[in-house]
Amino acid sequence: MTSDSGHARRAVEAVWRSESARIVAALTRHTGDFAWAEDLAQEALLEALAAWPGSGIPDNPGAWLLTVAKRRAIDGWRRRERLEQRIDVLGHDALLAEREDPVEQAGDPDRIEDDVLRLVFVACHPVLQPAARLALTLRTVAGLTTEQIARVMLLTVPTVQQRIVRAKRTLAAADVPFEIPDRAERPARLASVLQVVYLLFTEGYAPADGAHPVRVDVAREAVRLARQLAALAPNEPEVYALTALMEFQSSRFAARSDAEGLPLTLAQQDRSRWDQSAILRGRQALAKAASFDRGLGYYGLQAAVAECHAAAHSADETDWSRIVALYDALLTLSPTPVVRLNRAVAISMLEGPAPALAAVDELAPELSEFRPFHGVRAELLERLGETDAAASAFLLAASLAGNDAEAEVLRRRAAALEPTPPEIYEA
């Protein structure tokens, strides 16, 4: 154990990011109140920040936080004079759970027992506006801070904070139950649920900040949730498409960083280390999505792009013309600056860096604070031989908010472009 306050704070943040969904979900199941559950979890975090520097980080920090939060819930029930009644209810629920036939339950997709998935559906309730659903679920499911959510949503921190507070109040006022909705209600929430699951995966595949370029446990949790969704919505092609996209991307985990733990680009990765079983699962899921004959949607088109990369033995052998066409189709569904940036990268491989740089520069007003924008621009400038401008762009990218390991790579690339000072010899 350690008493270092800085280490304790980092531990609290790491536990929250990895365990927040399960902690809040468990508390919501026990209290029946989503907003209160999130407040209880936050109070437990504050207690950890006060206690751990002195007592040391517990062996099971997630369990510690949950225990503290449950104790605070009991205190709350006592204050409300409902403790006895609530214990009776919880005991009755536990007895019913013991009597349920596990075989029958496993065969009924409407009775999937998954607290995290319940939590996602609650946070994506139609009573909330789409932006509020996204902010709330990123907070409670992905465990992101308000600063990180603000970067993802391209909003200010106060705006994100207000949306989260209002969302919790709205759910409380609507008395939304902690359950997976019935079949008739699921379509209204599915798009939001898929968006959140993919953003959860992205937080594992390319963390918004921190020292590590990959958080495999977070990404795998997202894949698990997608598979559960496929059982709940077997006739929704986008569920299979999202699963395919995440399988293709997760196949690269073993090759995404070097011996120092620094991230590698797609072109730098040793493709022999890509997980072929994950690629096979991705192809099967994408084929399932295409089998509905409805055309590929938002996740299906991205999965098709990822499949192009999975099929190529190198960056040069990639079918870049098909990827550009897929991005053109994706722009008709989602004409966002990030999609346009990705298309420009593909254009650079197909037509060269000059036309790609022109397309990237058009995005400057919208993506000026987005690290990947400046990283892409730096690479294009380097390919055009504009080394000074490229070095400046790499340094600017490194200075912006994002993952620490990625920032180190960007600084090294800038340093490699700086002219070597002449050697001075003594007479």
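Rule-based calculations on the coordinates, nothing more; no lab input. Since this is a predicted model, take the numbers as computed values, not measurements. Cβ sites come from the backbone with ideal geometry, for glycine too, and all protein chains shown count toward neighbours.
Only Cα pairs under 8 Å and 6+ residues apart enter the sum, and on that basis the relative contact order of the range 299-397 stands at 18 percent. For the chain, the longest principal axis of the C-alpha atoms and the axis of helix 186-205 are separated by about 50°. Rounded to the nearest 0.05, the FRET efficiency derived from the C-beta distance between residue 51 and residue 399 at R0 = 35 Å is 0.50.
Let me know the shape class of the range 153-248, please: from the alpha-carbon gyration tensor, a ≥ b ≥ c as square roots of the eigenvalues, rounded when a/c is under 1.5, otherwise prolate if a/b is greater than b/c, or oblate. Cα axes put the range 153-248 in the oblate bin. Taking every C-alpha pair closer than 8 Å and separated by at least 6 residues, the mean separation divided by the residue count of the chain gives a relative contact order of 11 percent. Taking the centroid of alpha carbons for each part, the range 161-194 and the range 215-274 are 27 Å apart.
For the chain, the longest principal axis of the Cα atoms and the long axis of helix 371-383 meet at an angle of about 20 degrees. Taking the longest Cα principal axis of the chain as reference, the axis of helix 276-290 is set at about 80 degrees. Computed extension length for residue 416-residue 284: 43.3 nm, one decimal, from 0.36 nm per residue of separation with the Cα-Cα distance subtracted. Towards the positive end of the charge dipole of the chain, with charges on Cβ (+1 Lys, Arg; -1 Asp, Glu), say which of 222, 345, 44 has the farthest Cα. Final value for the positive-end residue is 44. With a Förster radius of 51 Å applied to the beta-carbon distance between residue 351 and residue 173, the computed FRET efficiency rounds to 0.40. Summarising the amide proton neighbourhood of residue 257: residues at separation of 5 or more, or on other chains, whose placed amide H is nearer than 5 Å comprise 264. Length gained on full extension, residue 362 to residue 272, computed as 0.36 nm times the residue gap minus the Cα-Cα distance: 28.7 nm.
Once you have a ≥ b ≥ c as the square roots of the Cα gyration tensor eigenvalues for the range 316-427, tell me rounded if a/c is under 1.5, and otherwise prolate or oblate according to whether a/b is larger than b/c. The shape class here is prolate.
Compared with the alpha-carbon gap, the fully stretched path from residue 42 to residue 328 is longer by 98.6 nm at 0.36 nm per residue. Here each label is just a point 7 Å from Cα along the line to Cβ, and for residue 127 and residue 254 those points are 4.8 nm apart. This model, with +1 at the C-beta of Lys and Arg and -1 at the C-beta of Asp and Glu, gives the chain a dipole about its Cα centre of some 920 debye.
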